[in-house]
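What follows is one structure encoded as structure tokens, with my remarks underneath.
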Amino acid sequence: MNNLTDRLRINTGLARKILVSFLREEATRTGLSRAVIGLSGGIDSALSCALAAEALGPQNVLAVRMPYKTSSPQSMADAQLVIDQYHVPDKVIEITSMVDPLFEHVPEADTKRRGNAMARARMIVLYDQSAAWGGLVVGTGNKTEILLGYSTIFGDAASALNPLGDLYKTQVRQLSAAIGVPQPVIDKPPTADLWIGQTDEGELGYTYAEVDQLLYLLVDQRYSRDEVVAAGFAPAFVDRVIATIRRNQFKRMPPLIAKLSNRTVGYDFLYLRDWGS
């Protein structure tokens with residue numbers, strides 16, 4: 001698998017240049033020059049914040065921390081490291097009073113339902129701040145999460161621009177180190193901090209390092225199921241990941257529209273938003 005690890009390496013200088021240009025150009029297209037980012041204290045949001053600050057200027061990036069009453073104080077502290085390093089304005093808006101009334105009505109809700117409600121409450125906050133701040137919501141989801149559906153639709157999966165969506169988690173780590181994201185943020189176990197003790201890899205049942213190697217072959221190299229097994233991946237692991245990708249296709253698409261006319265949005269009407277570029 002060492003060869004696969006090498007193939008996942010990126011030119012961090014080039015990636016940084018492309019992503020900074022992407023954020024600057026796409027924000028400008030909309031007539032806006034500001035961004036809003038939900039800063040969790042994790043590596044993905046830290047990298048998005050760093051890229052946006054470089055693209056738009058630190059003063060134009062609002063970092064919003066949105067803790068729940070059970071959120072880890074360490075996550076707040078790690079997010080503060082990012083705020084201090086990149087000198088971005090920030091706000092803290094706690095979501096406890098937003099989601100607890102819902103949980104009172106549905107006390108039987110399990111951790112997944114509660115986590116989804118928290119993620120969607122946070123997106124309500126971010127889009128409200130987007131309107132108040134006059135900035136686009138910048139996403140923080142990476143390619144691994146998008147392919148596996150490891151996000152909440154209309155929650156943390158929502159954004160206006162996403163600079164990380166074509167970077168596997170392994171590559172997010174590479175670029176974060178190259179850019180200088182605070183080391184404690186890079187080193188901490190990935191977590192959505194939705195409940196006490198929750199970690200991404202514990203919930204997924206495998207590490208990002210191993211699934212990134214598999215995804216690279218399946219998606220980027222278009223290997224078949226049998227070819228990745230022949231490359232050394234356990235059949236049960238391969239089947240599980242393929243099933244997860246297929247099951248979550250709906251999260252990677254806009255809502256399906258029933259076709260009635262000869263010019264249906266998303267099918268035949270595919271012009272870019274400015275009808276010219």
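Go through region 147-188 and give me each residue that's among the small types (Gly, Ala, Ser) and in a loop (DSSP other than H, G, I, E, B).
Gly149, Ser151, Gly155, Ala157, Ala158, Ser159, Ala160, Gly165, Gly180
Hey, among Ile179, Ile95, which residue is at pLDDT 95 or above and more than 23 Å from Glu26 (Cβ to Cβ)?
Ile95
Go through (1) part of a helix (DSSP H, G or I); (2) surrounded by fewer than 21 Cβ atoms within 10 Å (Cβ to Cβ) one by one and return the number of the condition Thr144 breaks.
(2)
When you scan region 34-120 for strands (runs of 3 or more DSSP E) that lie fully inside it, which ones turn up with 3 or more residues that are surrounded by 20 or more Cβ atoms within 10 Å (Cβ to Cβ)?
Because the criterion is at least 3 residues that are surrounded by 20 or more Cβ atoms within 10 Å (Cβ to Cβ), the strands (runs of 3 or more DSSP E) in region 34-120 that meet it are 35-38, 61-65.
Is one or more of the residues making up region 252-260 aliphatic (A, V, I, L, M), at pLDDT 95 or above and surrounded by 10 or more Cβ atoms within 10 Å (Cβ to Cβ)?
No: region 252-260 contains no residue that is aliphatic (A, V, I, L, M), at pLDDT 95 or above and surrounded by 10 or more Cβ atoms within 10 Å (Cβ to Cβ).
Does Lys188 meet the test of being on the phi < 0 side of the Ramachandran plot, at pLDDT 95 or above and out of contact with any Lys or Arg (no Cβ under 7 Å at 6 or more places or on another chain)?
Criteria not met by Lys188.
So which of Ala192, Ala158, Ala178 ends up being among the small types (Gly, Ala, Ser), buried (at least 16 other Cβ atoms within 10 Å of the Cβ) and touching a residue at least 60 places away in the same chain (Cβ under 8 Å)?
Ala192
Any residue that is in contact with a Leu (Cβ under 8 Å, 6 or more places away or on another chain) and either closer than 16 Å to Ser151 by Cα or of a type in the set (Val, Ile, Thr) (or both) - is there at least one of those in region 208-216?
Yes, because at least one residue in region 208-216 is in contact with a Leu (Cβ under 8 Å, 6 or more places away or on another chain) and either closer than 16 Å to Ser151 by Cα or of a type in the set (Val, Ile, Thr) (or both).
Any idea how many residues of region 220-240 are of a type in the set (Val, Ile, Thr) and in contact with a Leu (Cβ under 6 Å, 6 or more places away or on another chain)?
Number of matching residues: 1.
The values are calculated or read from the model by the stated rules, or taken from the named source; none is laboratory data. Worth saying up front: this structure is predicted, and the values here are computed from it rather than measured. Here Cβ is always computed from backbone atoms with ideal geometry, including for glycine, and neighbour counts include all displayed protein chains.
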